[in-house]
Amino acid sequence: MTMTDLPQQVSLREVGPRDGLQSEDPIPTASKVDLLDALSRTGLRRIEAVSFVHPRAIPQMADADDVWRQATPNPDVRYSALVPNLKGAERALAAGFTDLEVVVSASDTHNRANLNRSTEQSLDDLPALADLVHAGGGTLQLIVSTAWGCPYEGDVPVERVVSVVRRGVEAGVDSLAYGDTTGMATPSRVTHLVGATRSAFPQLPLGLHFHNTRGTGLANVYAALQLGVDDFDASVGGLGGCPYAPGASGNIATEEVVHMLEDMGVRTGVDLDALIEVAALAERLVGRQLPSQVLRAGPRTRTTPV
Ligand code: COA
Ligand code: ZN
């Protein structure tokens, strides 16, 4: 069933191997490689593979170099890495990544908990970071987390979020993503922030990263689609959370997004059955039931024999 006025296709970025696994009990390197390689064969075109953060902060990503070295990249997929600072960017470039995401929280308290420095200090780093990435021919995305609220500070004013983005634009970042770190967004808040951002930076490519902490994840995607947003993060099985955000649960599940969009006539390029199999693999690898409901129920086209 096709709906008018929605994008005809969207670009999904799979973040399970990074955002997902960083919040699970550590699993062996070989298991991370298995998950990454399985995702590479589902039709997904963008995968955030690892992050280059301090191993004390996130022990789950301590083997990022090894994971990437042992993976079998699909030439049709763009792989990216998340970094928290200049040192992380140097490590990511040395490992062979060219597409990098740098994360900065809109709320100061969360930035301090996550990155051990103020938002202002992180922003001061951005020009050098962008120069470094661009000198290597790469691209840098600014991910602004806590964009719809902070677990420590509560609501974050839209003006503050936009002012953080402005610093990124001045530094020369190539694109922007908003992170709803602890699932505080609702459709009206999505509409408001996307609108304010588009007014201020009409040319800046924008992606959205929702967590389903409070059950509004897919509704937020739908609200954004109606505004023409065509770039979303999601994690297979709904893996994920944020180790520095109490109560955060996983990202929206990639197979739930694919299932909904494809039925609305919005193409994702992803093979849903293959992706559901990878979600089942992810469950086995982390050893717990994941929140994805499409994984439990199967796609709506799956009928029960009478
Ligand atoms: N990777 C590995 N080591 C790093 C690093 C990185 N990205 N950044 C800094 N370091 C090292 C420094 O080289 C230094 O090492 P030394 O003691 O041997 O000289 C040491 O860490 C301290 O450096 P400093 O800049 O003071 O870092 P910090 O201790 O203040 O930690 C971060 C800051 C950003 C590195 C750390 O808080 C972090 O990795 N946070 C990421 C959290 C995260 O991933 N959250 C989820 C994703 S949103
Ligand atoms: Zn996240």
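The values are calculated or read from the model by the stated rules, or taken from the named source; none is laboratory data. Note that the structure is predicted; figures quoted are calculated from it, not measured. Please note: Cβ atoms are built from the backbone with ideal geometry, for glycine as well, and neighbour counts cover all protein chains shown. Note: areas computed on protein heavy atoms with side chains; ligands, DNA, RNA excluded. Shrake-Rupley method; radii C 1.70, N 1.55, O 1.52, S 1.80 Å.
DSSP loop trypsin sites (Lys or Arg not before Pro) in the stretch 53-100 with at most 15 other Cβ atoms within 10 Å of their Cβ, which ones? Those satisfying the criteria are Arg56.
If the viscosity is 0.890 mPa s and the temperature 25 °C, what translational diffusion coefficient in µm²/s does Stokes-Einstein give for the stretch 147-306 when Rh comes from Kirkwood over Cα pairs? Roughly 147 µm²/s, to the nearest whole number.
In whole percents, the pair-distance distribution calculated for the stretch 25-170 from its alpha-carbon pairs, binned every 10 Å from zero, is 11, 37, 34, 17, 1. Only Cα pairs under 8 Å and 6+ residues apart enter the sum, and on that basis the relative contact order of the stretch 3-297 stands at 22 percent. Between the amide H of Ser11 and those of Asp231, Phe232, distances stay under 5 Å, these residues lying 5 or more places away or on another chain, with hydrogens modeled in the peptide plane. With Cα atoms as the point set, the stretch 90-147 shows a radius of gyration and Dmax of 11.9, 33 Å.
The Rg/Rh ratio for the stretch 3-74, using Cα coordinates for both the radius of gyration and the Kirkwood hydrodynamic radius, is 1.08.
Put simply, the C-alpha atoms of the stretch 144-212 give a gyration tensor, and the ellipsoid matching it has half-axes of 19, 12, 11 Å, longest first. The alpha-carbon atoms of the stretch 3-297 define a convex hull whose volume equals 113 cubic angstrom per residue.
Considering only alpha-carbon pairs that sit under 8 angstrom and 6 or more positions apart, the relative contact order computed for the stretch 38-129 is 25 percent. Helical runs (DSSP H, four residues minimum) scored at -39500 (n - 2.57) apiece and divided by the length of the chain put the mean residue ellipticity at 222 nm at -12000 deg cm²/dmol. Using a probe of 1.4 angstrom and keeping all protein chains present, the accessible surface of the stretch 33-99 works out to 44 square angstrom per residue. Put simply, the C-alpha atoms of the stretch 57-104 give a gyration tensor, and the ellipsoid matching it has half-axes of 18, 14, 9 Å, longest first. Only protein heavy atoms count here; on that basis, with a 1.4 Å probe, His209 has an accessible area of about 10 Å². If you average the C-alpha positions of the stretch 32-103 and of the stretch 262-306 separately, how far apart do those two centres end up, in angstrom? With the stretch 32-103 and the stretch 262-306 each reduced to a Cα centre, they are spaced 24 Å.
Rg over Rh for the stretch 198-283 works out to 1.00, both radii taken from alpha-carbon positions and Rh defined as the Kirkwood radius.
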